[in-house]
Amino acid sequence: MGQDIREISDGEGAPMGAIIRMEAKLLTGEPFMLWPVLDESKTLLASSDLSRVKIKRKDATGKIYEWTVDCSDAKSPPNFWLRDGDVIEVPEK
């Protein structure tokens, strides 16, 4: 599993901004969960606000769905399954 996009931006495309943005890229053909992807990305910062992680997903018709998930407690991570192409945004505190 890896990130197709590993970009830091402020949401407007400016470098070194407030949002860590990753696109989930499923390489194994198996489903994968949000917390391990975040943890293994090595892009989280001390200033990352894990209580407001956003996931955006586009369906086959082009409709975009968005969830805000609290990932601040690593001992009790959210049960959120990612799909290929999901975009994960981690805002700054």
Give Ser47, Ser41 a once-over and let me know the one that is open to solvent by less than 50 Å² (accessible area, probe 1.4 Å), hydroxyl-bearing (Ser, Thr, Tyr) and at pLDDT 90 or above. Ser47
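Okay, residues lined up against (1) open to solvent by 40 Å² or more (accessible area, probe 1.4 Å); (2) acidic (Asp, Glu); (3) at pLDDT below 90:
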| site | (1), (2), (3) |
| --- | --- |
| Arg6 | yes, no, yes |
| Gly17 | no, no, yes |
| Ile20 | no, no, yes |
| Val37 | no, no, yes |
| Lys54 | yes, no, no |
| Ile64 | yes, no, no |
| Trp67 | yes, no, no |
When residues of region 74-91 are limited to those that are of a type in the set (D, E, K, R) and open to solvent by less than 80 Å² (accessible area, probe 1.4 Å), the one nearest to the chain's Cα centre (by Cα): Glu89
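The values are calculated or read from the model by the stated rules, or taken from the named source; none is laboratory data. None of these values were measured; they are calculated from a predicted model. The accessibility values were calculated without ligands, DNA or RNA, using every heavy atom of the protein model including side chains. Shrake-Rupley method; radii C 1.70, N 1.55, O 1.52, S 1.80 Å.
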